[in-house]
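Novice: Below is one structure. I have some questions about it.
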């Protein structure tokens, strides 16, 4: 386990970090000297993903996190506050449902709702929950991981759940950036 960091060590939190982009972001931030909280819905998968980095001496701390569950987010925010007293970087990476099998005209709206819950509302909930801790950092940052599929200028007919949820994430990101 990672011990409490010094005030000069930056603390980052990466959602959806047990594989893919999130895992690589975690690795690179830890290699840059940050303490990184590896957020993962499945605790066992998070611990397995973190193990090689911890064994290599990197400051990685796996923690359970489901960005669709407000109670899970609140538990992690409380943990971060108690353990570190602040958060320097929040990377909202968790994402689901690249729904290539659907079209907007006949999309299963339950699938669309699930994508929005994770890809849009998840980062929104995370930002709201962690803003107080980010504001305690002299250099607090939020990074929302999106996709070209969410760009209105190049959006096509496929992946309606994923594309709509990422377009909404892009809008939220702009609104939050202007506000902060």
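Novice: Which condition number does residue 97 fail, the rest of (1) at pLDDT below 95; (2) touching a strand residue (DSSP E or B) at 6+ places or on another chain (Cβ under 7 Å) being met?
Specialist: Of the numbered conditions (1) at pLDDT below 95; (2) touching a strand residue (DSSP E or B) at 6+ places or on another chain (Cβ under 7 Å), the odd one out for residue 97 is (2).
Novice: Scan the stretch 140-174 for residues that are part of a strand (DSSP E or B) and over 18 Å from the mean Cα position of the chain (by Cα) and jot them down.
Specialist: Scanning the stretch 140-174 gives a single hit, 158.
Novice: Give just the number: which of (1) buried (at least 16 other Cβ atoms within 10 Å of the Cβ); (2) more than 21 Å from residue 9 (Cα to Cα) does residue 128 not satisfy?
Specialist: Unmet for residue 128, out of (1) buried (at least 16 other Cβ atoms within 10 Å of the Cβ); (2) more than 21 Å from residue 9 (Cα to Cα): (1).
Novice: Does residue 36 fit the bill of being at pLDDT 95 or above, assigned to a loop (DSSP other than H, G, I, E, B), in contact with a helix residue (DSSP H, G or I) (Cβ under 7 Å, 6 or more places away or on another chain) and surrounded by 13 or more Cβ atoms within 10 Å (Cβ to Cβ)?
Specialist: No: the conditions fail for residue 36.
Novice: Hey, another quick one. Would you mind stating whether residue 20 is surrounded by 20 or more Cβ atoms within 10 Å (Cβ to Cβ) and either closer than 17 Å to residue 119 by Cα or in contact with a strand residue (DSSP E or B) (Cβ under 9 Å, 6 or more places away or on another chain) (or both)?
Specialist: When the stated conditions are applied, residue 20 does not pass them.
Novice: In the stretch 99-125, how many are closer than 15 Å to residue 168 by Cα and either under 18 Å from the mean Cα position of the chain (by Cα) or crowded, with 18+ Cβ neighbours inside 10 Å (or both)?
Specialist: Residues meeting the conditions: 13.
Novice: Ok, one more. Do you know which of the residues in the stretch 39-82 that are outside any strand (DSSP E or B) and touching a residue at least 60 places away in the same chain (Cβ under 8 Å) is farthest from residue 122 (Cα to Cα)?
Specialist: Of everything passing the filter in the stretch 39-82, 80 is farthest from residue 122 (Cα to Cα).
Novice: For the stretch 126-139, does any single residue satisfy the condition of being at positive phi and part of a loop (DSSP other than H, G, I, E, B)?
Specialist: Within the stretch 126-139, none of the residues are at positive phi and part of a loop (DSSP other than H, G, I, E, B).
Novice: Would you mind stating whether residue 150 is closer than 30 Å to residue 33 by Cβ, modelled with pLDDT under 95, crowded, with 18+ Cβ neighbours inside 10 Å and touching a helix residue (DSSP H, G or I) at 6+ places or on another chain (Cβ under 7 Å)?
Specialist: no
Novice: Then there is this: Restricting attention to the stretch 104-115, does a residue exist that is closer than 17 Å to residue 65 by Cβ and not in a helix (DSSP H, G or I)?
Specialist: Checked against the condition, which is being closer than 17 Å to residue 65 by Cβ and not in a helix (DSSP H, G or I), the stretch 104-115 yields no hits at all.
The values are calculated or read from the model by the stated rules, or taken from the named source; none is laboratory data. What you see is a predicted model, and the numbers here were worked out from it, not measured in a lab. Reconstructed Cβ throughout: ideal geometry from the backbone, glycine too, with neighbour counts over all protein chains shown.
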